[in-house]
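One structure below.
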Amino acid sequence: MKTRFAGLLASLLAVLILAGCSSQTVVRESAGETVHTALFDFAVSDISVVDNYNILVPTEGNKLVQMTLSVTNTGDEACTMFAEDFQLQWGDGDEDFGVCLAAVTDEMVPYSYTLEPGESYAGVMVVMVPEDAGTLTVAYQETLASGEDGTAYFVEASL
């Protein structure tokens, strides 16, 4: 009886632990591939390290990376996008991330833009990363109507 009770308790504990775990979906893609979210498609391409971008120059110990972000509204309603919707990650540390630098040209992704259904936009994102960064991951996190996190999307590129 004691063994059956211990087994039942262990099974119940496992169910409770699993119920508390997130079932969040993670999608991983490579640069140049189209990523399909619930409201829009996006792609990150033409990733390159540059010495400068217009007036932007890297600070000591860093380098500039530029890339093209393409977004298409696949939903039925207008979709307002923000440059900060896409986080840029370059390492495993708590501070190894950022967002694209503020636009200094018309070609750069602006702070915000609105896409009507079926409409597309393409712009340049520029980020400053440490000189020793070998990869860059562009991350997008869906937020559900409930406020909870939905699917997380990661696009990885070698630098």
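The values are calculated or read from the model by the stated rules, or taken from the named source; none is laboratory data. Small disclaimer: the values here were computed from a predicted structure and weren't measured. Don't worry about glycine lacking a Cβ; one is built from the backbone with ideal geometry, like all the others, and counts go over all protein chains shown. Quick note on the areas: whole protein, heavy atoms, side chains included, nothing else; ligands and nucleic acids left out. Shrake-Rupley method; radii C 1.70, N 1.55, O 1.52, S 1.80 Å.
Values as computed for the structure displayed
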| read-out | value |
| --- | --- |
| The stretch 56-97: number of residues that are more than 18 Å from the chain's Cα centre (by Cα), more than 21 Å from residue 112 (Cα to Cα) and open to solvent by 50 Å² or more (accessible area, probe 1.4 Å) | 3 |
| Test for residue 157: is it touching a residue at least 24 places away in the same chain (Cβ under 8 Å) and either in contact with a Cys (Cβ under 7 Å, 6 or more places away or on another chain) or small (Gly, Ala, Ser) (or both) | yes |
| Any chance residue 25 is modelled with pLDDT of 95 or more, under 18 Å from the mean Cα position of the chain (by Cα) and open to solvent by 60 Å² or more (accessible area, probe 1.4 Å) | no |
| Identity of the residue in the stretch 30-54, assigned to a loop (DSSP other than H, G, I, E, B) and in contact with a strand residue (DSSP E or B) (Cβ under 7 Å, 6 or more places away or on another chain), that ends up nearest to residue 155 (Cα to Cα) | 31 |
